[in-house]
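In what follows, a structure is listed as structure tokens, so that the remarks can point back to it.
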Amino acid sequence: MIKRMGKSIVGMGLAALLTLLPAASPAASPAEEDGTGGIAEKSKSRERPGHQEYVGAGADTAGVKRLLIGVGDSLTQGTRDATNNRVHARNAFLHMVYEALKAEGRNPKFAQPWLSVKGRRTNPRAIPTNLGVDGEDIFSVEGIEYGRRVGTPGSNLLTNELMCDPVQAALLQDMHDRVLYPINLQAGKAVSQLDALIWHLNNRAGPADVVFWVGNNDAGLASLGLGGANPEFLPIPFEQVKDKLRWDVVYLLEYGRDSGALSFAPFTGTNIRRNLTVQKDFRKQVKAVWNRVLGEADRSDARFYVLTYPWYCDVGYMFDQADLEFYLGSLGRSVGGRVSLLTFICMYALRKSGDLAPRLNAVLDKGLIMNAAEQRLVRRRINSFNNILRARFKKEAGVTIVDVGEELNGLIGEGLEIEGEGLRLTRSWGYGHSFSLDGVHVSHTVHALIANRVLAAMGVGGDPDYHYDLGEVAAGDPYVDRDGDGWVRGPTTAASGNTAILYLFKDADRDTGSSDRAKIDGLSADQVWERISDALIEEIVGIPAIRAEAERLGIVRMPVR
């Protein structure tokens with residue numbers, strides 16, 4: 001059942017007036033922000049035997065621009081290192097598709113909602129066509145909170161929290177506001193991604209290509225053990241690290257645990273099942289989303305490219321025995337599955353302070369380990385989601401299934417050799433070259449692989465590897481570990497919170513091979529635990545009950561009211 005909250009357009013006039021204010025200063029160029037330039041411009045536009053015209057997506061010879069729209073989650077938005085900014089967005093697959101179409105002379109129309117390194121929208125007057133929002137699932141794409149994942153199974157809620165709100169959008173306070181603004185003003189109401197897509201299709205001047213990749217996060221929380229609500233899951237060995245953390249963090253973590261707002265045991269059969277979308281619910285919501293497109297949107301001369309999902313539980317964020325021992329040395333015992341990146345970070349810090357060996361057995365608690373049976377459960381559920389997509393769209397006119405899920409699963413299971421580069425992409429964090437520092441969001445090179453598959457589905461080039469040479473992209477990819485020490489150089493952008501912790505694991509020698517140390521190895525144990533404490537505070541004060549207690553004690557400032 002969906003409970004619908006009424007939407008008010010009070011304040012729309014004020015919001016509309018605010019759009020007339022001068023736009024924010026443009027962001028620095030990618031070269032200025034990351035010191036490497038934008039990889040996304042390395043598209044190959046030369047003609048060669050076997051090259052096909054762009055007939056699959058409706059080539060236009062009269063110069064009419066073809067709108068490129070992205071509907072999706074963090075992969076479409078371009079997230080890396082648990083953060084979003086212009087640098088990451090430019091080197092994500094959807095922007096790469098745009099650059100390739102432009103290089104081919106296909107006259108695409110595309111607009112990004114550019115974010116600065118601090119997450120501020122720098123072009124608020126532009127109407128974005130990349131609508132992807134970090135964290136979106138098949139329900140939230142329509143503005144709906146899936147009740148099962150927040151402790152209210154059977155009761156889904158249409159909520160402003162998952163929309164670009166007409167009153168708050170001018171302030172751009174959350175990610176939906178920052179990405180979708182000012183489409184809400186154009187539509188005259190709060191808008192979800194789906195609403196924004198429908199608005200675009202009904203207000204365009206020419207043909208359109210829609211890249212739809214939503215549904216990864218229907219297995220995301222179950223796979224990562226991080227996030228959610230009532231309780232929120234945090235995969236850290238709290239009892240084994242609390243004597244290392246700052247007092248205020250320990251107090252708030254205990255308060256959250258004791259009040260039921262936090263759980264440190266995400267990987268139990270019960271919790272994994274709770275956090276996975278139920279198959280029948282997924283099927284019903286896919287039908288509901290598509291029925292809205294069929295019933296409300298102008299689909300004439302529009303083509304849809306629906307991407308399938310990889311096995312989320314196999315991303316680099318999940319460390320197996322080999323990964324842990326690569327970085328920590330022999331553990332002297334079996335892990336019995338995979339642990340999260342956050343658990344690994346705590347283990348690395350414990351080793352630095354000389355406490356890992358005596359606490360290892362307690363650290364490797366069953367609630368922090370996803371075992372083989374639980375991994376199979378998640379993979380089967382993701383397979384069922386993909387089967388639902390195929391069954392729904394295989395005979396739908398104007399819709400093409402792009403099976404990138406199967407492609408990425410091959411990379412995860414067997415690896416992928418990059419010809420001429422001596423590199424083999426695998427699922428492993430750091431030394432596998434496939435993921436950013438957060439272990440969830442893929443590297444520039446894997447984004448190029450995805451872009452190539454989307455372009456091939458659009459009928460651009462006869463060869464699925466035609467546009468982006470993965471070797472060329474890898475040569476400038478900051479997430480490729482060229483010296484083989486397990487650390488990557490990463491971007492040079494500023495960072496705070498969780499991203500700042502991830503940046504401690506960048507290569508100390510910037511991948512030159514002069515040492516095998518990460519930046520964290522140059523800090524004292526006390527400095528490391530202080531930074532972990534800062535990151536945990538930033539993470540948990542977003543939980544309302546913990547935020548209220550932190551404000552009551554003066555641990556964090558109360559907002560100005």
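Taking the criterion of being open to solvent by less than 20 Å² (accessible area, probe 1.4 Å), outside any helix (DSSP H, G or I) and among the hydrophobic types (A, V, I, L, M, F, W, C), the residues of region 499-535 that qualify are Leu504, Phe505, Ala518.
What's the number of the condition Arg333 fails, among (1) surrounded by fewer than 20 Cβ atoms within 10 Å (Cβ to Cβ); (2) part of a helix (DSSP H, G or I); (3) not polar (S, T, N, Q)? Against the list (1) surrounded by fewer than 20 Cβ atoms within 10 Å (Cβ to Cβ); (2) part of a helix (DSSP H, G or I); (3) not polar (S, T, N, Q), Arg333 comes up short only on (2).
Would you call Tyr466 among the aromatic types (Phe, Trp, Tyr), at pLDDT 95 or above, in contact with a Lys or Arg (Cβ under 8 Å, 6 or more places away or on another chain) and open to solvent by less than 20 Å² (accessible area, probe 1.4 Å)? Spelling it out, it is not the case that Tyr466 is among the aromatic types (Phe, Trp, Tyr), at pLDDT 95 or above, in contact with a Lys or Arg (Cβ under 8 Å, 6 or more places away or on another chain) and open to solvent by less than 20 Å² (accessible area, probe 1.4 Å). Considering region 343-434, the qualifying helices (runs of 4 or more DSSP H), each wholly inside and each with 1 or more residues that are open to solvent by 10 Å² or more (accessible area, probe 1.4 Å) and in contact with a strand residue (DSSP E or B) (Cβ under 8 Å, 6 or more places away or on another chain), run over 372-393, 404-414. When the test is whether a residue is of a type outside the set (A, V, I, L, M) and surrounded by fewer than 16 Cβ atoms within 10 Å (Cβ to Cβ), Gly554 passes it. Condition (residue is surrounded by 16 or more Cβ atoms within 10 Å (Cβ to Cβ), farther than 20 Å from Pro237 by Cα and not basic (Lys, Arg)) applied to region 537-544: is it met by at least one residue? Scanning region 537-544 turns up no residue that is surrounded by 16 or more Cβ atoms within 10 Å (Cβ to Cβ), farther than 20 Å from Pro237 by Cα and not basic (Lys, Arg). Within region 442-456, the set of residues being open to solvent by 20 Å² or more (accessible area, probe 1.4 Å) and either over 21 Å from Trp311 (Cβ atoms) or assigned to a loop (DSSP other than H, G, I, E, B) (or both) comprises Ala456 only. Of the helices (runs of 4 or more DSSP H) lying entirely inside region 229-289, not one contains at least 3 residues that are of a type in the set (A, V, I, L, M), within 17 Å of Arg381 (Cα to Cα) and open to solvent by less than 50 Å² (accessible area, probe 1.4 Å). Per the conditions (1) under 21 Å from Trp529 (Cα atoms); (2) in a helix (DSSP H, G or I), the sole criterion not satisfied by Leu294 is (1).
For Tyr146, the requirement of being surrounded by 18 or more Cβ atoms within 10 Å (Cβ to Cβ) and over 18 Å from Leu276 (Cα atoms) is not met. Open to solvent by less than 50 Å² (accessible area, probe 1.4 Å), assigned to a helix (DSSP H, G or I), closer than 16 Å to Phe93 by Cα and in contact with a Lys or Arg (Cβ under 8 Å, 6 or more places away or on another chain), is that true of Val473? When the stated conditions are applied, Val473 passes them. No other residue among Asp165, Asp174 is crowded, with 22+ Cβ neighbours inside 10 Å and of a type in the set (D, E, K, R) apart from Asp165.
The values are calculated or read from the model by the stated rules, or taken from the named source; none is laboratory data. From a predicted model like this one, the values you see are computed outputs, not experimental measurements. Cβ atoms come from the backbone with ideal geometry, glycine included; neighbour counts cover every protein chain shown. Only protein heavy atoms, including side chains, enter the accessible area calculation; ligands, DNA and RNA are left aside. Shrake-Rupley method; radii C 1.70, N 1.55, O 1.52, S 1.80 Å.
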